[in-house]
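Remarks on the structure that follows.
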Amino acid sequence: MSQYPDAPGGGSVTPNLDFAGTTPYEDYVQADVLTHLQHPLSDDPGEMVFLVTTQVMELWFTVLVHEWETATQALRSDDLPVAMAALKRSVRELEALNASWKPLGQLTPAQFNSYRGALGEGSGFQSAMYRRMEFLLGEKSASMLVPHRGAPRVHAELEKALQEPSLYDEVLRLLARRGYAVPAAVLGRDVTQKYEPSPEVEAIWTELYAGDQDNDLVRLGEALTDVGELVWRWRNDHLVATRRAMGAKAGTGGSAGVAWLEKRAAKNVFPELWTARSHV
Ligand code: HEM
């Protein structure tokens, strides 16, 4: 018999209701912490979904960094199955991340203006987890650490990510270990700098893509292409949402706004995986 006969469902097979302290669910999920981190800065009822969508995206960024770090480490130790599993999970996670644009995709300028002023100089440009994602994708930039000088833990994590080889660096090192002629200048490049495309690397992907489609390196290339495509989609969904919400006005972070985002959104990560296709 349930200790609480009038509990929903009744009988002996009802869930346990008796916990001395916090529930095991709470201990694991920390839902009470998570659901009390929402502090809108205006009285506008529409600000809540803006804030929560941003927080949800930050959580997805955190998962993606975890997956791509897992893949990077696995590639370093030639463990392609573990790397592929992490990359494939990350593709589904990127789809979920991109789906979270839905609630913000059609904001009108008047709706956005209702709380925009309250954001002050706050901007997603200052997202440290987004920078860690970009660094893992090969888009390194020491100047992106500058906004975080006042936050030692965040700064240290970003500094470490800047110094470490990116996911793509480890892919190219794996190609070299498999006998492909990756130039020494690419293998020994300064990994704190943005990755620049190489004609020799493009030729390697061209050769791979022209060959056996079941080759595990082609499958790796395709998983990376899926990631690249979905990152491009995130940037473009962000661009369109911004264009709808604020037209050509300057950003809260101090950039030219849409004009600046257009340049960022035009680029592709893992560049040779895109350009090689023209030569197959
Ligand atoms: C519709 C609402 C949004 C508008 C109007 C908007 C606007 C902008 C603008 C104008 C910039 C350029 C930097 C600046 O001057 O501020 C920017 C950058 C950025 N925003 Fe948003 N944003 C929106 C929603 C979001 C959300 C929900 C996220 C999720 C975290 C986000 C993340 C970012 C990131 C990561 C950057 C930096 C991009 C880069 O460095 O290439 N934004 N945003």
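The numbers here are math on the coordinates, done by the rules we state, and not lab data. Fair warning: this is a prediction, and the values are worked out from it, not measured in the lab. We place every Cβ from the backbone using ideal geometry, glycine too, and count neighbours over all the protein chains shown.
Just checking the listed ones, 120, 105, 221: in the Gaussian network model of the chain with Cα springs under 10 Å, the one fluctuating most is 120.
Ordering 154, 183, 204 by the projection of their Cα atoms onto the charge dipole of region 132-217, which places +1 on the Cβ of Lys and Arg and -1 on the Cβ of Asp and Glu, puts 154 at the extreme positive end.
With +1 on the Cβ of every Lys and Arg and -1 on the Cβ of every Asp and Glu, and nothing else charged, how large is the dipole of the chain about its Cα centre, in debye rounded to the nearest 20?
Numbers: 27 positive and 37 negative charges, 194 e Å.
Computed about the Cα centre, the dipole is about 940 debye.
Between amide H atoms placed 1.01 Å from N, distances below 5 Å from residue 257 occur with 251, all of them 5 or more places distant or on a separate chain. With a Förster radius of 41 Å applied to the beta-carbon distance between residue 178 and residue 256, the computed FRET efficiency rounds to 0.40.
Rounded to the nearest Hz, the phi-derived 3J(HN,Hα) couplings of region 60-70 under the Karplus curve 6.51 cos²θ - 1.76 cosθ + 1.60 (θ = phi - 60°) are 5, 4, 5, 5, 5, 4, 4, 5, 6, 5, 4, where x marks glycine and proline. Highest mobility in the GNM of the chain, judged by mean-square fluctuation with C-alpha springs under 10 Å and restricted to 108, 242, 72, is found for 108.
Shown in residue order for region 107-123 are the 3J(HN,Hα) couplings computed by the Karplus curve 6.51 cos²θ - 1.76 cosθ + 1.60 at θ = phi - 60°: 5, 8, x, 5, 5, 5, 4, 4, 10, 4, x, 5, 6, x, 8, x, 8 Hz (x for Gly and Pro). In order along region 223-240, the phi-based Karplus estimate (6.51 cos²θ - 1.76 cosθ + 1.60, θ = phi - 60°) of 3J(HN,Hα) comes to 5, 5, 5, 4, 4, x, 5, 6, 5, 4, 5, 4, 4, 6, 5, 5, 4, 5 Hz; Gly and Pro are listed as x. In the chain, Cα pairs under 8 Å separated by at least six residues give a relative contact order of 20 percent.
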